[in-house]
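I have placed the structure first, in the form of structure tokens, so that the comments after it can refer back to it.
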Amino acid sequence: MRQILIEPTENPKVLKFVADYNLIPGSLELDRNSDISEIPLAQELFNYPFVERIFITANFIAVAKQDTVEWEFVSENLKNVIEDELLANPRIYLQKKREMYQIYAEMTPNPMVMKFVSNKLLIDGFVEVKSREEADGVPLAEAIFNEFDFAKEVFISDNFVAVTKNVSVEWHEVMVAVRAFVADYLQNGGEISNLKPQKHESPVESIINRDYTENEQKISDILNEYVAPAVEGDGGKISLIEYVSETKTAKMLLQGACSGCPSSTATLKGGIENVLKQFLPELVENVEAVNG
């Protein structure tokens, strides 16, 4: 708590509020016509209608009042205001608030993958780094790999980072450390990715560089509407990569937490395949997975 001492001056209309450190270089004189948009302390003091002028220099704030009030009735209130404001902004001027990132850890169906979810958007789309060698251009992934030997893959999408570990550790041993590291990295303004994020709408296009056929688009539309939200909620991504009309087989690209997940095959067969068969029985009989 900033401690302020009250000192009288030779002018009975002016009272000094003295701090134990230098407030600003030089001096600052303010009245009710001054621009105080970046000076919260002045804004608070001028909320009192009897305050006419404020003078700040060295280690004190001098306040000039009107004759309508006596110092004995208002000085303590002003002292409290000044102490509170100096606690928030020790150098008088408004301190720009850093963007606050709140990060929490969330399990995924893949026991090797943990999601670290932010309260703020990280990137518009997604970036997948499948190994340490591929991390160039993705500073957040590079930082995670450099800090944690057990990290194998990093998948960044929208407001979360999904980290795939190796078998050398269990998540309960390292989850807190990874969460704290990601939070500190983002809070300190660390870059996330210098690569252009892939878009969620048709990430397969960047892989096979072609447009969907009419039938593929029908399958993709069902995936996006009925399947993708749940898969992305688990830290993964699923996209149609190929459709083989002769065998009525839809091949799916699995990314993020879905890639290599022990339950992904069961999910494909028990859930996604059934959904596609239900909505597109004339097109789909089988679903196959391709790990991204």
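The values are calculated or read from the model by the stated rules, or taken from the named source; none is laboratory data. Small disclaimer: the values here were computed from a predicted structure and weren't measured. Glycine also receives a Cβ, built like all others from the backbone with ideal geometry; neighbour counts cover every protein chain displayed.
Assorted remarks:
- Restricting attention to the stretch 44-94, the residues that are of a type in the set (D, E, K, R) and touching a Lys or Arg at 6+ places or on another chain (Cβ under 8 Å) total 4.
- Here is the figure for the stretch 26-70: residues that are of a type in the set (Asp, Glu) and in contact with a strand residue (DSSP E or B) (Cβ under 9 Å, 6 or more places away or on another chain) total 3.
- Residue tally, condition among the basic types (Lys, Arg) and in contact with a helix residue (DSSP H, G or I) (Cβ under 7 Å, 6 or more places away or on another chain), over the stretch 66-95: 0
- Of residues in the stretch 183-212 being in a helix (DSSP H, G or I) and modelled with pLDDT of 80 or more, the one surrounded by the most Cβ atoms within 10 Å (Cβ to Cβ): 186
- If only residues of the stretch 5-33 that are surrounded by 11 or more Cβ atoms within 10 Å (Cβ to Cβ), in a loop (DSSP other than H, G, I, E, B) and at pLDDT 90 or above are counted, the one that is farthest from the chain's Cα centre (by Cα) is 12.
- Looking at the stretch 213-292, the strands (runs of 3 or more DSSP E) lying wholly inside it that each contain 1 or more residues that are in contact with a Cys (Cβ under 7 Å, 6 or more places away or on another chain), within 21 Å of residue 159 (Cα to Cα) and at pLDDT below 80 sit at 236-244.
- Selection from the stretch 34-80 of residues that are assigned to a helix (DSSP H, G or I) and loosely packed, with under 13 Cβ neighbours inside 10 Å: 72, 73, 76, 77, 80
- Residue within the stretch 164-176 that is in contact (Cβ under 8 Å) with a residue 24 or more places away in the chain, small (Gly, Ala, Ser) and not in a helix (DSSP H, G or I) present: no
- Restricting 126, 155, 160, 116 to residues that are among the hydrophobic types (A, V, I, L, M, F, W, C) and either without any contact (Cβ under 8 Å) to a residue 40 or more places away in the chain or more than 17 Å from residue 181 (Cβ to Cβ) (or both) narrows the list to 126.
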